[in-house]
Amino acid sequence: MLAGLYSLLSACWMVALDAVDVAFTEAAVGAGVSTVLMLMTLAVTARREKAPKFSFSAFLVVVVTGGFLIYGTFDMPAWGDPDAPVHQHVAPRYLNESYEEVGVPNVVTSVLASYRGYDTLGETVVIFTAGLGVMLLLRKRKKEDEL
Amino acid sequence: MRHHSILRAVTKFFLPYILLFALYTQFHGDYGPGGGFQAGVIFAAAIILYGLIFTPKLARRVVPYRAVYIFMALGILLYAGVGIATILLGGNYLDYNALNHHHPVHGQHLGILLVELGVGITVAAVVICIYYAFADRLES
């Protein structure tokens, strides 16, 4: 429930940051479908968590991984820096020439579907694979019912 | 949910508009926010809403398992097929300019439309499929 509310809030601040496409996705997937799936998972599994046991090795792995991630952020450019590499490489071409080259007013769509068509094909295959996996793992077979 | 008459009435009233909004998101993604992914999720959300209010059994009669499987693969095949078509028309893989040699921009439009349609079909089918898998477990 809280995760769903958080997703809806995130969608709101993404609209405030002018990332309407991301906000749209967050509202539909995060607040909508994920909440339903989460509640269904809770309904299928047990409601109460088993009493957790403290595991030192797991704690160590989490701390080390977290430390590396924080260390990685030190190399990132400053927040909102216009000279950051991500704003200098291909972004200017996408923004300035996508209308002549692709003719689609929504730059997000032109980047996703045209400039980065391979990536989007890969993403679609990932989604397809996720569907296949869930189907193979969770779906009950008819033979199972008969037995 | 047999006795929740308000929920049932409101759902019946809203469903066509949700489906219509999904189609609008799908085909208007070039001009406004949205695209295949969002449209697919919204379409699936409409089916999930139907399943939640009117039992998954009825939802499976609206969109049977077989249709879900077929559409899951069909979306990707459509996407990859556009790539093959551009090769056959003399371009690179997924180079939509090849779809219309006289007006490359029109080719881009057509390519993006078809590709987003493929994404939308696959995403909708996969989300519905995941919902069905969970609903099956709940029923038993």
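At a glance:
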| item | result |
| --- | --- |
| Filtered residues of the stretch A:134-147 (kept if at pLDDT 80 or above and surrounded by fewer than 12 Cβ atoms within 10 Å (Cβ to Cβ)) | A:LEU136, A:LEU137 |
| The stretch A:117-134 residues that are without any contact (Cβ under 8 Å) to a residue 40 or more places away in the chain and at negative phi, paired with ones that are among the small types (Gly, Ala, Ser) and surrounded by fewer than 14 Cβ atoms within 10 Å (Cβ to Cβ) (beta carbon under 9 Å, 6 or more apart) | none |
| Some residue of the stretch B:33-46 being surrounded by fewer than 16 Cβ atoms within 10 Å (Cβ to Cβ) and aliphatic (A, V, I, L, M) | no |
| Residues that are aromatic (Phe, Trp, Tyr) and over 21 Å from B:PRO33 (Cβ atoms), drawn from the stretch A:60-118 | A:PHE68, A:TYR71, A:PHE74, A:TRP79, A:TYR118 |
| So B:TYR17, is it within 12 Å of chain A (Cβ to nearest Cβ) and either outside any helix (DSSP H, G or I) or out of contact with any Phe, Trp or Tyr (no Cβ under 9 Å at 6 or more places or on another chain) (or both) | no |
| Residue match in the stretch B:108-127 (condition: over 30 Å from B:TYR17 (Cβ atoms) and facing another protein chain (nearest Cβ under 10 Å)) | yes |
| Within the stretch B:49-140, helices (runs of 4 or more DSSP H) holding 2 or more residues that are buried (at least 16 other Cβ atoms within 10 Å of the Cβ), free of Cβ contacts under 8 Å to residues at least 12 places away in the same chain and not small (Gly, Ala, Ser) | B:104-139 |
| Test for B:VAL105: is it at the interface with another protein chain (Cβ under 9 Å from one of its Cβ atoms) and over 26 Å from A:ALA28 (Cβ atoms) | yes |
| Residue match in the stretch A:41-54 (condition: surrounded by 10 or more Cβ atoms within 10 Å (Cβ to Cβ) and either in contact (Cβ under 8 Å) with a residue 60 or more places away in the chain or touching a Phe, Trp or Tyr at 6+ places or on another chain (Cβ under 8 Å) (or both)) | yes |
| Conditions (1) out of contact with any Lys or Arg (no Cβ under 7 Å at 6 or more places or on another chain); (2) more than 10 Å from chain A (Cβ to nearest Cβ); (3) not acidic (Asp, Glu): number failed by B:ILE53 | (1) |
| Residue tally, condition surrounded by fewer than 24 Cβ atoms within 10 Å (Cβ to Cβ), free of Cβ contacts under 8 Å to residues at least 60 places away in the same chain and not in a loop (DSSP other than H, G, I, E, B), over the stretch B:23-32 | 2 |
| Selection status of A:THR129, surrounded by 14 or more Cβ atoms within 10 Å (Cβ to Cβ) and modelled with pLDDT of 80 or more | no |
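The values are calculated or read from the model by the stated rules, or taken from the named source; none is laboratory data. Owing to the predicted nature of the structure, the values given are computational and were not obtained by experimental measurement. Here Cβ is always computed from backbone atoms with ideal geometry, including for glycine, and neighbour counts include all displayed protein chains.
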